[in-house]
Number of protein chains: 4
Amino acid sequence: MKESMIIVYEKPEVYDPIFIEGLPGIGLVGKLAADHLIQELKAKKFAELYSPRFMHQVIVKKDSTVDLMRNEFYYWKSPDKEHRDLIIVTGDTQVPPTDSYGHFEVVGKMLDFVEQFGTRDIITMGGYQVPELDGEPKVLASFTDLETKEKYKELPVVIREDEGGAIVGAAGLLLGIGKLRGMKGVCFLGESLGYIVDAKAAKAVLSVVAKVLNLEIDMSALDERAKETEEILKKVQEMQRAMFEQQVPQAPHEEEDRGYL
Amino acid sequence: MKESMIIVYEKPEVYDPIFIEGLPGIGLVGKLAADHLIQELKAKKFAELYSPRFMHQVIVKKDSTVDLMRNEFYYWKSPDKEHRDLIIVTGDTQVPPTDSYGHFEVVGKMLDFVEQFGTRDIITMGGYQVPELDGEPKVLASFTDLETKEKYKELPVVIREDEGGAIVGAAGLLLGIGKLRGMKGVCFLGESLGYIVDAKAAKAVLSVVAKVLNLEIDMSALDERAKETEEILKKVQEMQRAMFEQQVPQAPHEEEDRGYL
Amino acid sequence: MKESMIIVYEKPEVYDPIFIEGLPGIGLVGKLAADHLIQELKAKKFAELYSPRFMHQVIVKKDSTVDLMRNEFYYWKSPDKEHRDLIIVTGDTQVPPTDSYGHFEVVGKMLDFVEQFGTRDIITMGGYQVPELDGEPKVLASFTDLETKEKYKELPVVIREDEGGAIVGAAGLLLGIGKLRGMKGVCFLGESLGYIVDAKAAKAVLSVVAKVLNLEIDMSALDERAKETEEILKKVQEMQRAMFEQQVPQAPHEEEDRGYL
Amino acid sequence: MKESMIIVYEKPEVYDPIFIEGLPGIGLVGKLAADHLIQELKAKKFAELYSPRFMHQVIVKKDSTVDLMRNEFYYWKSPDKEHRDLIIVTGDTQVPPTDSYGHFEVVGKMLDFVEQFGTRDIITMGGYQVPELDGEPKVLASFTDLETKEKYKELPVVIREDEGGAIVGAAGLLLGIGKLRGMKGVCFLGESLGYIVDAKAAKAVLSVVAKVLNLEIDMSALDERAKETEEILKKVQEMQRAMFEQQVPQAPHEEEDRGYL
């Protein structure tokens, strides 16, 4: 396998589909959102992407069968003129962070593929790492162009007015490279502490995407996972508080002054 | 040398051979098992694989001659209809862990090569790292598909019912990529502490493979090495116990309370 | 995107242009100098270079639109026979330091591109890391050949007579590879402490380049940034002095002799 | 520059030349030996090898001109039938150790090149790292084949009878890859502590090579450098002794028991 390759099981008849990306990243936000969308829409898998740029391993599944790491493409045909056809990609992994060239290669192949189905619009989803969180996670939006930004100005998202930073990986590259190919897109990132499987952030991001797609999406399953996330968060915060108290220096003894490393 | 290359010394006449892999990895389990199998069957070397993806060095042999690092292919023709022809690969090295692309390239070339001889079935062998071992090492099995899993259900192996994990390197990739080419295979991993040359685990794995191949394999030489392995293990455990006792804090003196890093 | 690519928006009519490079590096000296030159000359952007060797991310701009990391080409047509046409390159980034092959690939593409416009002369600009600075930063000069060195002997630069060291990245490679293509060039490096945005060093380098180009360049904006640089430098030096005083061991107590890590 | 390239200034008329390699490595032994040989024979430079696999920098020479890092080829025509023609390669650098693929690529290009001149025999030179040295450094020899080993059995070299280890880089790869092309060769490694410019080891290696080539080589200049090497070695050993004495724990005070990290 010298290049990333896509195995196609079925050629869906879709028209001007929106390409939605939700691959593993910060807090697994994008992946959780994509998995839930696929589940609720009953989207159908039609292709798999394999790459020599992914980790050189196979995953052992619950039934003890093995598979290379891969990304998977699903499609959903809209039932009426009020909704758009969709192609959704999710999967096990992105290219490891040490291989920039590999990231460009995989995203390029992905765009070549969805272009064949007439894709011109892209939505990418992911997490945005913050040091602390109060209340509900906000959703940050970034765009390929000002026209797209204007189109989405009514969405309940945060558009930063200061120098933004960077979006690393497929969520950013799909927009950056797509833009050079004349595509338009938006990236929605949910605030996340990053080190847990963050279903709260995924729900926040998917709610915004649901508005964009004009879809009613039942969030119950994500809500369940969101509750689990809150409990884990509480426990982590308790642990952190306990660790902090242990580090506070004790009052000095009369005989010796002692410092702690 | 821009790509991995295979030098062929002889074209064996084999029919539907099973391709067996035992390359260096955890505990050298796969390599020990393959070396022993080749020795007992008197399998004949017929090809060598060299790669610009291996370490850029030569090995100096006992007689002071040098060779690039390489993998070696051996064949064994079955004596009757009850046994299958075999192609066995072992060698000095795998591609280093920092080069995923290299791993895919080498395994791809290997499969291209054995496909020329009609290979459709694969057995890979290796070690499975565990933190501690009681008694005989178990052998874990993973499969390309459920049909193969069903075929091997009588083997004295462990098939995990929870989320399995990953198999890194050729032992996994040969199955993962082979599966995309329509091949079927099984991977046998022997439990090993990992940091020693583990002949006990190799013996456990090879015993299972012998059953699969319906071969009687004299394990004496491996038994010898297995005894050496047990002695080394005992010594290591004594050393660890001694190191642990040195780290236990002493009873506090009346004058000072002292902690140890 | 398998190779670095240049998108051309306009084909400038320039004759024997000098190619001036100022990409991000030590103290951002080269980039600040190039940005200022482009601003003062009102040079016009005519091309962009994108590369799969750059970091796999997009930059989010103030207006929340995103772009891949890139280098940008500007041109300036000289108003008379006393001045030369110019092509200036600056941008977001160079190839990361772990990817030597990528550096050669990008610089090669750059030279292929500017050769199309008849470029034969190169000026590169950057920073030169020093442990401490007294007074105004000096500008070090290095050349492709002795003829060029002779041509610039009146410039207020330092030409080292001892073994020089190395110039890493585009500032060096453009000269080294350019030399193999029959081009001539000079590299001007301003002394810099390296860890701040060094507008003083940028001003020093640009003053020398202005002399070479026989241009009057208003340095006011750079002066402003240079003053900011001086203030930051003073603060940093105060902080360092404070940290040092904390590390001086205290006089020993009669009771205990205490050392500090 | 997508591949390593060789610029040829002159096509020497050599017949069946021996290819001698002395590139930078442990203790710079190989490079010192090659430089000295070139100097004494007055060998003539006829080609340069540049590579996108070398570090992405230029070296600034004493006269302030710059050059990419490169390897250089020299030739020497033998004056009579008792001596062989020679091609000698030395240079600034080898490929960095993190790029195995690059090492294979450069060595492959080197062998392609010298094969054009009829090369069938190779001598490589380098250092062999040892923890301590008594007296004169020994020279270890390794060979492509037993026939060559037999040919050199009278040389004052050490041929190890135990498992040898590995030879990393060009000194090993030239033999390993050359062997696959039907070439024959020998590698001479001088014992060296490794962290200094080791002219003593270089002299030892070159003396053996001189015997092989049946040449009288004036070692005066190397002797000079060898004396400098001895002085540096003595100073380093004094420094090490001093550091060791500082680390010995002091007798405990009556009041406190003190441990040292």
Practice task
Just name the residue that is farthest from the chain's Cα centre (by Cα) out of those in region D:108-128 that are among the small types (Gly, Ala, Ser) and part of a strand (DSSP E or B).
Solution key: D:Gly127
Handout entry: Only one of C:Lys149, C:Lys138 that is at the interface with chain D (Cβ under 9 Å from one of its Cβ atoms) and within 19 Å of C:Phe188 (Cα to Cα)
Key = C:Lys149
Exercise for the section: Name the single residue, out of those in region A:83-112 being of a type in the set (A, V, I, L, M) and touching a Pro at 6+ places or on another chain (Cβ under 7 Å), that is surrounded by the most Cβ atoms within 10 Å (Cβ to Cβ). Expected result: A:Ile87
Exercise for the section: Of the conditions (1) over 23 Å from C:Gln57 (Cα atoms); (2) among the hydrophobic types (A, V, I, L, M, F, W, C); (3) surrounded by fewer than 20 Cβ atoms within 10 Å (Cβ to Cβ), A:Met5 clears all except one; give me its number. Expected result: (1)
Problem - Among (1) within 14 Å of chain D (Cβ to nearest Cβ); (2) in contact with a Cys (Cβ under 9 Å, 6 or more places away or on another chain), the one test that B:Ile122 misses - result: (1)
Problem - Options B:Leu86, B:Leu111: the member that is more than 28 Å from B:Pro52 (Cβ to Cβ) and aliphatic (A, V, I, L, M) - result: B:Leu86
Problem - Within region D:59-73, tally of residues that are closer than 20 Å to D:Thr119 by Cβ and crowded, with 23+ Cβ neighbours inside 10 Å - result: 2
Practice task
Select, from A:Lys203, A:Lys211, A:Lys184, the only residue that is out of contact with any Ser or Thr (no Cβ under 8 Å at 6 or more places or on another chain) and closer than 19 Å to A:Lys151 by Cβ.
Solution key: A:Lys211
Practice task
Restrict the check to region D:184-194 and report whether at least one residue is of a type in the set (Gly, Ala, Ser), over 24 Å from D:Lys211 (Cβ atoms) and more than 7 Å from every other protein chain (Cβ to nearest Cβ).
Solution key: yes
Problem - Criterion violated by B:Arg160 - all others in (1) surrounded by fewer than 16 Cβ atoms within 10 Å (Cβ to Cβ); (2) free of Cβ contacts under 8 Å to residues at least 40 places away in the same chain; (3) more than 7 Å from chain A (Cβ to nearest Cβ); (4) more than 18 Å from the chain's Cα centre (by Cα) satisfied - result: (3)
Practice task
Name the one entry in B:Pro137, B:Pro131 that is surrounded by fewer than 24 Cβ atoms within 10 Å (Cβ to Cβ) and not in a helix (DSSP H, G or I).
Solution key: B:Pro131
Problem - Tally, over region B:180-208, of residues that are assigned to a helix (DSSP H, G or I) and over 16 Å from B:Thr119 (Cα atoms) - result: 10
Fill in the blank from the handout: Picking from B:Val66, B:Val89, B:Val95, B:Val8, the residue that is touching a His at 6+ places or on another chain (Cβ under 6 Å) and β-branched (Val, Ile, Thr) would be B:Val95
Handout entry: Residues within region D:1-13 that are closer than 14 Å to D:Ala47 by Cα and in a loop (DSSP other than H, G, I, E, B), tallied
Key = 6
Fill in the blank from the handout: Within region D:113-128, restricting to residues that are among the hydrophobic types (A, V, I, L, M, F, W, C) and closer than 21 Å to D:Leu32 by Cβ, the one that is surrounded by the fewest Cβ atoms within 10 Å (Cβ to Cβ) is D:Ile123
Problem - Any hit, region A:217-226, residues being among the small types (Gly, Ala, Ser) and closer than 17 Å to A:Val29 by Cβ - result: yes
Fill in the blank from the handout: With criteria (1) within 14 Å of another protein chain (Cβ to nearest Cβ); (2) more than 22 Å from C:Ala226 (Cβ to Cβ), C:Glu21 comes up short on (2)
Exercise for the section: Can you confirm whether region D:70-79 contains a residue that is in contact (Cβ under 8 Å) with a residue 60 or more places away in the chain, farther than 18 Å from D:Met55 by Cβ and over 16 Å from the mean Cα position of the chain (by Cα)? Expected result: yes
Exercise for the section: Test A:His56 against the stated conditions and say whether it is without any contact (Cβ under 8 Å) to a residue 40 or more places away in the chain, crowded, with 18+ Cβ neighbours inside 10 Å and under 24 Å from B:Gly102 (Cα atoms). Expected result: yes
Problem - Out of D:Phe113, D:Phe117, D:Phe104, sole residue that is within 11 Å of another protein chain (Cβ to nearest Cβ), aromatic (Phe, Trp, Tyr) and either farther than 25 Å from C:Leu175 by Cβ or out of contact with any Asp or Glu (no Cβ under 8 Å at 6 or more places or on another chain) (or both) - result: D:Phe104
Handout entry: Failed item, numbered, when C:Ala226 is tested on (1) at positive phi; (2) touching a helix residue (DSSP H, G or I) at 6+ places or on another chain (Cβ under 8 Å); (3) more than 10 Å from chain D (Cβ to nearest Cβ)
Key = (1)
Completion exercise
Over region D:53-91, the set of residues more than 14 Å from C:Ile167 (Cβ to Cβ), at pLDDT below 95 and either within 13 Å of chain C (Cβ to nearest Cβ) or assigned to a strand (DSSP E or B) (or both) is D:Lys62, D:Asp63
Handout entry: Those residues of region B:34-52 which are within 14 Å of chain D (Cβ to nearest Cβ) and either farther than 28 Å from B:Met1 by Cα or among the aromatic types (Phe, Trp, Tyr) (or both), in sequence order
Key = B:Tyr50
Exercise for the section: Return the total of residues in region D:107-122 being out of contact with any Lys or Arg (no Cβ under 9 Å at 6 or more places or on another chain) and in contact (Cβ under 8 Å) with a residue 12 or more places away in the chain. Expected result: 7
Problem - Flag for A:Asp257 being farther than 29 Å from A:Val106 by Cβ and at pLDDT below 95 - result: yes
Practice task
Using the structure shown, decide if B:Lys45 is surrounded by fewer than 22 Cβ atoms within 10 Å (Cβ to Cβ), in a helix (DSSP H, G or I) and in contact with a strand residue (DSSP E or B) (Cβ under 7 Å, 6 or more places away or on another chain).
Solution key: no
Problem - Hey, D:Phe19 outside any helix (DSSP H, G or I) and closer than 19 Å to D:Ala171 by Cα or not - result: yes
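The values are calculated or read from the model by the stated rules, or taken from the named source; none is laboratory data. Remember, it's a predicted structure, so these values are computed and weren't measured experimentally. So basically every Cβ, Gly included, is an ideal-geometry build from the backbone, and we count neighbours across all protein chains shown.
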